Structures are given as C-alpha cells and as structure tokens.
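**Q** Please find one structure pasted underneath; my questions will follow.
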Amino acid sequence: MDKRACRDAARDWLRHTSAFQNAACPAAPPFLLAIVADPHLMKRILLIKITSLGDMVHTLPLVHDLRRAYPGAKIDWVADASCADIPRWTVGIDRVIAPPLRQFKKNGKKWRDLRGILGAVRELRREPYDVAIDVHGVYKSAIVARLSRTRRRLGYAAEFLGESRAEFAYTELFGPHGDADCRHKMRLVVANALGYEIEPQETCELSIPKPAAPLAADGVPRAMLFHATSAEIKKWPQANWIEVGHALSLRGYRVQLPWGSQQEHEEAKALAAAIPGAEVLPRMSITECAQRVDAAALVVGMDTGFVHLADALGKPTVMIFTATSRPHFGVNRPGQSISVGDNGVRPPVDEVLAAVAQVTGHGAGASQGLPRDCATGDVSA
C-alpha cells in the first residue's frame, strides 16, 4: 500500500470511528496517523475563525503549529471583513478570505455587501483543500466549511459548539480536551486530529504595519488603559480606573485612553479629567490602535481583543476579569502578563497595581529576564 492509499485508509478510519467523541474508544493505528500528518501530502489547509478580535488572537499559536507541522502547505484563513486585519498580519497565512458578514447584517442586508459575500464564496471555492479546520463552531463557520472544496472537515462535537447543530458540516469531530484554556484547547484538538506534536510554549507571530511617524518619540513611556467593554456587566468601576491612572502617572507613565463608541468617548474624557496628564486618543482603526498598543510600555485593560493583542505582541499586560472565566480566557506569561479577577469577582485596585509591578519589573515579587512564550515578527517599536 503506497502512502496516498494509506492516507485515504486513515481518513476512512477517522471518519467512521467514534474515537473522537468517546475517549474510551481505541486509538488509531500509529502508521495511519503518521500518513495523515505527512507534511508532503498536506498541500492546502483552510482555517476558519470568523470573529472576534480576541478570538483571532487566540488562534495565532495554532497557525504557528500548523506552519511548523506542514512547512510546505498553503494556509488560508476565513475571517469576517471587520476582523480580517489580524489574519493579514499573521506570519504563515498565505491568503485571507474576508466576507463582510457583520456589515451585511448591520447595514440592512444591502446588495453591495451581499456581492462581497458572494465574491468571498467564489474565492473560497477557487482552490480545493486537503482539510478545513473550523475552530469557531457556529452556523456561519460551519457553512463556510461545507462550502469549501474539501471532503475532510474538522470541527467540535455538538456539546462544545456555540450552536450545536453546526455539527452537520463536519466529517470528523475533535476529541476531548479536558480543562485546557481556549488557546491550548485549539492547539491540542487540531494536533490530535491531524496527528502532529505541539511544542509546550505558544508562539504568536505578527507583522503589523509600521506607523508613518514614531508614536512615542519623546521617550515618555505610554500606558494604555482599555477601560471599555462590550457589556455593562464586564465593566470595572470608573473610580478604580482613576486610582490606577493616578498611580501610573506618579510612576512616570503617560496614560492613554482609547475608545470605540460615543459612550466610551464620554467615559474616556471623564477619566482623563481626573488623571494627571492623561490623553484621550482619537477614534482609530484596528491598525492604528494596534500600532498604539505596540508602541506602549504597558497595557492594562478588561478581557477585550486589544488587551489579548498586547499580550501576543509581548507587551507588559495586565488583564482584568469581572464576568468571564479567567482560567479559560486569561493571559499569564511569567514576567510579561498577568490576569486578575474572575467571573463574578472584581479585583481590587491594589491587586491590579501589584500585577503592574510584576509585569513591569518593579516592586516585590517582580519577575525579570524570564523567557516570553509569544514571539513577534516585524512589529513597530
């Protein structure tokens, strides 16, 4: 039996066994998984993670794993047009397919946006893929997988999906992943399904466009405070942000306050009025905000996409949780990033400032000179 025949036999075994739904089932014969994982036979990979910004960042270590396992393969990423900057900056991605799904829904389903979606479908079907990997797990991502020109479509079992009936699109289901966090879970289930080994550390590689002019040319360190959140329940009290801002100003930081909506703009102005030397940043695109993050000396913020991006870029980062799971979504890289609080647990100001001391190398308990798990590519300084 030649390699291609063995690979087909392996895929047939994986498609019909329940091993990926029941941990007690027998494992695949090693030679079969070895053929499935053969880097010379894997030519084109489709990765599906459509939204949102934070979830895109969580997917970066998986991209590095796939590129390491299949150095000669072409890897395409399907992402909503509103979030497509992250895939475009990701080292190892060959093509980004970006349907304007959010815009279509937000703008009243206009014909222009529909044409954009149809164009993305044509682009999706332009090339056949050896495998489609849906790590999003909702109807729209499942439909993308089903529309792709591949017979092998990987996805989560119904109990792990955001929308359980999305399972219809998959030919193989990911296996159990225990209590792994969101990033390691993706790495683990895909590696097990495709039969390759992963490294212990996570690697994130991004190449962000450089700004037209340096953003911190005066030498004053910037501390960005991402005070805004997508839901009221996730907010941290304004009085706490003011205390943190005061403390950072006393340590020589220039506090910068980004915002996205009119309400957030008003909140940022109120904070700036109470924090010495604080700056309310202008309305920014995703690229402009990412450049600011990359130029910052410190980022403190809620469990939001740009704070996850700061961690991926290797910036000293403190992430605050109040209404989502810190063990599942949090960042924690010794000497670089710390998460505080948890679902239903608002951290006090003292705990946040202690975390700032640790990630910036100041104060008791600070860790200095430790290796960082995430590596950046050609990013602005």
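Coordinate-derived values only; no laboratory data. Just so it is clear, the model here is predicted, and its values are computed rather than measured. Don't worry about glycine lacking a Cβ; one is built from the backbone with ideal geometry, like all the others, and counts go over all protein chains shown.
**Q** In whole percent, what relative contact order does segment 59-199 give with Cα contacts below 8 Å and a gap of six or more residues?
**A** 18
**Q** Per 0.36 nm of contour for each residue apart, how much would the distance between residue 233 and residue 250 grow if the chain were fully extended, relative to their Cα-Cα spacing?
**A** 3.1 nm
**Q** Using Cβ contacts closer than 10 Å as the measure, can you line up 95, 152, 165 from fewest to most?
**A** 165, 95, 152
**Q** Follow-up. Give the peptides 115-127, 57-69 in descending order of average Cβ contacts within 10 Å, highest first.
**A** The densest-packed peptide leads the list: 57-69, 115-127.
**Q** Please arrange 204, 289 by how many other C-beta atoms lie within 10 Å of their C-beta, fewest to most.
**A** 289, 204
**Q** Go through segment 170-233 and name the GluC sites (Glu not before Pro) that are in a DSSP coil and have 12 or fewer other Cβ atoms within 10 Å of their Cβ.
**A** Here the GluC sites (Glu not before Pro) that fit, given the DSSP loop and packing criteria, are 197.
**Q** Rounded, prolate or oblate: which one fits segment 222-360, using the alpha carbon gyration tensor with axes a ≥ b ≥ c (rounded when a/c is under 1.5, else prolate when a/b beats b/c, else oblate)?
**A** rounded
**Q** What FRET efficiency comes out for residue 332 versus residue 273 if R0 is 30 angstrom and r is the Cβ-Cβ distance? Round to the nearest 0.05.
**A** That gives a FRET efficiency of 0.35.
**Q** A further question follows. Within 14 Å, Cβ to Cβ, of residue 236, how many net charges do the neighbouring residues add up to if Lys/Arg are +1 and Asp/Glu are -1?
**A** Local charge sum for residue 236: -4.
**Q** Between segment 245-259 and segment 37-83, what's the alpha-carbon centroid distance in Å?
**A** About 37 Å separates the Cα centre of segment 245-259 from the one of segment 37-83.
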